[in-house]
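Trainee: Quick one: the structure is below, questions incoming.
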Amino acid sequence: MSSLDAVRARFARNEGLPFADILTEASIQEALNEHGVTHRDRVFSPVTTIWGFLSQVLSEDHSCRDAVSRIIAHRAANGMQHRARHRRIPSSLRRVLA
């Protein structure tokens, strides 16, 4: 087993986002700030996106669904709720559709 395979196997066993412990939010945010990257406050922030992407690349599954599941598990383990963000449908439209 190559060293990359060993790393992949170790991270694949982790149900959350294994890179969150190694590549910290503070270090990612610092790099983003150094490069002038701005973003809005979203569920999938650049930090979460990077962690999810790295998790997806190293997982055996490689699916987006698995990556999102890992993000949700990470958020739950850290006491954060997963909330799907959708645009609000105006109440007038809801009444018409109902």
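Trainee: Right, Arg42: among the basic types (Lys, Arg) and modelled with pLDDT under 80 or not?
Mentor: Criteria met by Arg42.
Trainee: Collect the residues in the stretch 16-44 that are within 17 Å of Ala77 (Cβ to Cβ), part of a loop (DSSP other than H, G, I, E, B) and among the small types (Gly, Ala, Ser), keeping them in residue-number order.
Mentor: Gly16
Trainee: Also, I was wondering about something else. Go through (1) under 20 Å from Ala6 (Cα atoms); (2) in a helix (DSSP H, G or I); (3) not charged (D, E, K, R) one by one and return the number of the condition His62 breaks.
Mentor: (2)
Trainee: What's the number of the condition Ala98 fails, among (1) out of contact with any helix residue (DSSP H, G or I) (no Cβ under 6 Å at 6 or more places or on another chain); (2) at pLDDT 70 or above; (3) of a type in the set (Gly, Ala, Ser)?
Mentor: (2)
Trainee: Restricting attention to the stretch 39-62, report how many residues are closer than 23 Å to Arg8 by Cβ and either surrounded by fewer than 11 Cβ atoms within 10 Å (Cβ to Cβ) or in contact with a Cys (Cβ under 8 Å, 6 or more places away or on another chain) (or both).
Mentor: Residues meeting the conditions: 3.
Trainee: Among what's in the stretch 25-38 and is within 19 Å of Ile71 (Cβ to Cβ) and over 15 Å from the mean Cα position of the chain (by Cα), pick the residue that is surrounded by the most Cβ atoms within 10 Å (Cβ to Cβ). Walk me through it before giving the result.
Mentor: The initial filter retains those residues of the stretch 25-38 that are within 19 Å of Ile71 (Cβ to Cβ), namely 25-29, 32.
Those still in the list that are over 15 Å from the mean Cα position of the chain (by Cα) too: 26-27, 32.
On the way: Ala26: 9, Ser27: 11, Leu32: 16.
Among those residues, the one meeting the criterion is Leu32.
The values are calculated or read from the model by the stated rules, or taken from the named source; none is laboratory data. Just so you know, these numbers come straight off a predicted model, no measurement behind them. Note: ideal-geometry Cβ built from the backbone for every residue, glycine included; neighbour counts use all protein chains shown.
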